[in-house]
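See below for the structure under consideration.
The values are calculated or read from the model by the stated rules, or taken from the named source; none is laboratory data. These figures come from a predicted structure and were not determined experimentally. Because the Cβ atoms are built from the backbone with ideal geometry, glycine has one as well, and the counts that use them run over all protein chains shown.
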Amino acid sequence: MSKHTIVVCDHIHEDGLDILQNTDDVNYVYAADIDKTELLNVIKDAEVVITRSSTDVDEKFLDAAQNLKAIIRAGVGYDNVDIEGCSKRGIIAMNVPTANTIAAVELTMAHMLSCMRKFPYAHNQLKQDRIWKREDWYGNELYGKKLGVIGFGNIGHRVALRAKSFEMDVKTYDPYIPSTKATDLGISYTTNFDDILDCDIITIHTPKNQETLDMIGEEQIAKMKDGVILINCARGGLYNEDALVNNLKSGKIAMAGIDVFIKEPAIDHPLLDLPNVTVTAHLGANTKESQKKIATQAAENAIESARGIAYPNALNLPIDESKIPSFVKPYIELTQKMAFLIAQNDKSEIRSINVSAEGEISEYLDSLQTFATVGALSVASGDEINYVNANFIAEEKGIELTTSEFSAHSGYQNKVSVKITTSNGVQTICGTVFNEDVQRIIDINNFSLDIEPKGKMIIMRNNDVPGVIGQVGSILAQENINIADFRLSRGKDGALAVILVDEKVCMNTVSKLEELEAAISVSYAEI
Ligand SMILES: NC(=O)C1=CN([C@@H]2O[C@H](COP(=O)(O)OP(=O)(O)OC[C@H]3O[C@@H](n4cnc5c(N)ncnc54)[C@H](O)[C@@H]3O)[C@@H](O)[C@H]2O)C=CC1
Ligand SMILES: O=C(O)CCC(=O)C(=O)O
């Protein structure tokens, strides 16, 4: 039995490792304890890797992992994964989005309480210094304070709910959610960022990206209350780290609770020298409960993706299959097949691929386009092309990708057409789906037909003169090729035949058919 190599690059819970170890078709390599330079050697044969935030999936990593099909980021944030680099190489990147939510929520609350009561300092004074000085530790209460939550996703909204149970006055800023997601929970919602800056405590729970990096800097801190408290259990850099250090030193920020740093491990960070900061070493996800869930899900997802069965929580697919209506799926398949057929018909250099559609299916033109590109390019590039890298590869080859809606209605409820322009000319195939999943090609280069896009087929353009069918039949008989079906379409410029055959047709047979006097063009394709 051939085995799939799955490399675990960071520490994950043993339950996940057990799943990998006990799966017959998995060759599992544990590489969490090795140096990251040595790791580059170990991932050479990996089909799937499991990583956490300690492993950067960057250009060097991807270049080393020549056999990689998928990456499982065992957690939420994928800012340390080069998603574009993965897409270009056809690698599917996935995360495990909700398994550590509660752990991160509870660490946020811990930092908030810890800042209010200066907990680590009080703790250390008694435990390490053996000093009992209650007058040193007057804290503040969460009760009645204004809390600003930036980012109201899985973690942010749960922090807000917990803060409400402390009877805090909670407000959120998240322009990407409907306001009712917050207001239905009794939480104020604002689209004015400055409203959040007016809070007593601010906590941030957004992803790290170009928009959110340095979202809070000197300018925003200047607008805050004197003595504000800032919490960050999301990603280092969402609060500008220099501004944070400066304003903690000046006392403008009274306390900060920080779990994450721009550069980790952060053992020499200036924040660590300040007395008014509570810190943890990126422990947001570190509960036994969450790590058990994440490791189990990551291992199961790694196995499924290694086997090519499913890619749960994929981050770089052109279409989220779980969100598309079932009627779209056969059109996606059909579109890919039609493009594959054209590219076999004319193997010269592809210049452009256009996909057009009519009916409700035209809402999915962009996805159909990607699948047409996969179909067209896979004739020349085989397995190297998949729906993650297809558009990048087309762009690199200078192939123009376009979509359009049909202006006139042909009477079909839904219809898709793929038009490919090559250095040799233009070819167009149209198709539709009957009874929900019966795929049909209904037109090839303006010749109307009704064929199933399946099997071995000879496509022949010829002058519409007597005797052609007989001549084709006898050539195929001489070659011992059985005809399964013969579909003929007649037009003003001659005829087009699609001959479905039981045996593979070699180039020699194609040449014999081309030599027929009535033949204009002959090609052979397999779908
Ligand atoms: N410290 C740790 O160990 C952990 C950290 N995290 C981090 O916590 C953060 C939040 O995670 P989840 O809540 O699971 O993610 P999520 O995707 O469920 O929520 C993120 C929210 O941020 C919002 N958002 C995006 N851009 C925004 C902007 N410019 N302004 C305001 N809101 C914006 C989104 O609309 C979304 O509602 C992520 O950065 C994640 O990487 C997550 C788990 C553990
Ligand atoms: O467990 C980890 O690697 C960190 C968790 C985290 O930051 C995340 O899930 O975004």
Original post:
Counting only residues that are within 21 Å of residue 263 (Cα to Cα) and within 17 Å of the chain's Cα centre (by Cα), which one in the stretch 57-73 is farthest from ligand 1 (Cβ to nearest atom)?
Top reply: 62
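Based on what the data block shows, is residue 230 buried (at least 18 other Cβ atoms within 10 Å of the Cβ) and away from ligand 1 (no atom under 12 Å from the Cβ)?
Working: buried (at least 18 other Cβ atoms within 10 Å of the Cβ): yes; away from ligand 1 (no atom under 12 Å from the Cβ): yes.
Judged against the criteria, residue 230 is a match.
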Original post:
Taking the stretch 260-314 only, how many residues are in a loop (DSSP other than H, G, I, E, B), hydrophobic (A, V, I, L, M, F, W, C) and surrounded by fewer than 18 Cβ atoms within 10 Å (Cβ to Cβ)?
Top reply: 7
Subject >> Test: residue 182 is among the aliphatic types (A, V, I, L, M) and out of contact with any Ser or Thr (no Cβ under 6 Å at 6 or more places or on another chain) >> reply: no
Subject >> Of residues in the stretch 162-183 being of a type outside the set (Phe, Trp, Tyr) and under 16 Å from residue 231 (Cα atoms), the one surrounded by the fewest Cβ atoms within 10 Å (Cβ to Cβ) >> reply: 162
Original post:
Is there a residue in the stretch 44-54 that is in contact with a Ser or Thr (Cβ under 7 Å, 6 or more places away or on another chain), surrounded by fewer than 21 Cβ atoms within 10 Å (Cβ to Cβ) and either in the same structural domain as residue 14 (by TED's automatic domain parsing) or without any contact (Cβ under 8 Å) to a residue 12 or more places away in the chain (or both)?
Top reply: yes
Original post:
How many residues does the stretch 399-429 hold that are within 8 Å of residue 355 (Cα to Cα) and not hydrophobic (A, V, I, L, M, F, W, C)?
Top reply: 5
Subject >> Boolean, residue 247 is within 10 Å of ligand 1 (Cβ to nearest atom), within 22 Å of residue 146 (Cβ to Cβ) and not assigned by TED's automatic domain parsing to the domain that holds residue 69 >> reply: no
Original post:
Any idea how many residues of the stretch 362-414 are in a helix (DSSP H, G or I) and polar (S, T, N, Q)?
Top reply: 8
**OP:** Starting from the stretch 214-229, take each residue that is under 17 Å from residue 192 (Cα atoms) and list its partners that are assigned to a strand (DSSP E or B) and not basic (Lys, Arg), counting only C-beta distances under 6 angstrom and pairs at least six apart or across chains.
**Re:** 216/239
Subject >> In the stretch 8-23, the residues that are of a type outside the set (D, E, K, R) and outside any loop (DSSP other than H, G, I, E, B) >> reply: 8, 16, 17, 19, 20, 21
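Please work out if residue 209 is crowded, with 23+ Cβ neighbours inside 10 Å, within 16 Å of ligand 2 (Cβ to nearest atom) and among the polar types (S, T, N, Q).
Numbers: crowded, with 23+ Cβ neighbours inside 10 Å: no; within 16 Å of ligand 2 (Cβ to nearest atom): yes; among the polar types (S, T, N, Q): yes.
Against the criterion (crowded, with 23+ Cβ neighbours inside 10 Å, within 16 Å of ligand 2 (Cβ to nearest atom) and among the polar types (S, T, N, Q)), residue 209 does not qualify.
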Subject >> Filtered residue count, the stretch 83-110, keeping only those that are within 13 Å of ligand 1 (Cβ to nearest atom) and either within 20 Å of the chain's Cα centre (by Cα) or not aliphatic (A, V, I, L, M) (or both) >> reply: 9
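Here are some residues: 255, 224. Which one is touching a helix residue (DSSP H, G or I) at 6+ places or on another chain (Cβ under 9 Å), more than 14 Å from ligand 1 (Cβ to nearest atom) and in a loop (DSSP other than H, G, I, E, B)? Full working, then the answer.
Details: 255 fails: in a loop (DSSP other than H, G, I, E, B).
Residue meeting the stated conditions: 224.
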**OP:** Being more than 12 Å from ligand 2 (Cβ to nearest atom) and among the small types (Gly, Ala, Ser) is the filter; apply it to the stretch 282-308 and report the residue that is nearest to the chain's Cα centre (by Cα).
**Re:** 305
Subject >> Number of the condition not met by residue 292 [criteria: (1) more than 13 Å from ligand 1 (Cβ to nearest atom); (2) outside the structural domain of residue 13 (by TED's automatic domain parsing)] >> reply: (2)
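Taking the stretch 428-444 on its own, how many of its residues are under 23 Å from residue 511 (Cβ atoms) and modelled with pLDDT under 95?
We begin by selecting, within the stretch 428-444, every residue under 23 Å from residue 511 (Cβ atoms); these are 444.
Subset that is modelled with pLDDT under 95: none.
Summing the residues that are under 23 Å from residue 511 (Cβ atoms) and modelled with pLDDT under 95 in the stretch 428-444 gives 0.
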**OP:** Evaluate the stretch 309-317: report whether one residue or more is touching a residue at least 40 places away in the same chain (Cβ under 8 Å), assigned by TED's automatic domain parsing to the domain that holds residue 21 and more than 21 Å from residue 81 (Cβ to Cβ).
**Re:** no
Subject >> Qualifying position, being surrounded by fewer than 18 Cβ atoms within 10 Å (Cβ to Cβ), in contact (Cβ under 8 Å) with a residue 60 or more places away in the chain, of a type in the set (Asp, Glu) and within 24 Å of residue 455 (Cβ to Cβ), among 333, 349 >> reply: 333
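Tell me the residue from 243, 256 that is more than 20 Å from residue 107 (Cα to Cα) and of a type in the set (A, V, I, L, M, F, W, C), please. Before you say what the answer is, go through the steps one by one.
Details: 256 fails: more than 20 Å from residue 107 (Cα to Cα).
The match here is 243.
Going through 263, 252 one at a time, which residue ends up being assigned by TED's automatic domain parsing to the domain that holds residue 124, touching a residue at least 24 places away in the same chain (Cβ under 8 Å) and over 28 Å from residue 83 (Cβ atoms)? It would help to see each step written out before you state the result.
On the way: 263 fails: over 28 Å from residue 83 (Cβ atoms).
The unique qualifying residue is 252.
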**OP:** Could you list, in sequence order, all residues of the stretch 474-500 that are surrounded by fewer than 14 Cβ atoms within 10 Å (Cβ to Cβ) and either out of contact with any strand residue (DSSP E or B) (no Cβ under 7 Å at 6 or more places or on another chain) or closer than 22 Å to residue 346 by Cα (or both)?
**Re:** 474, 477, 478, 480, 490, 491, 492, 493
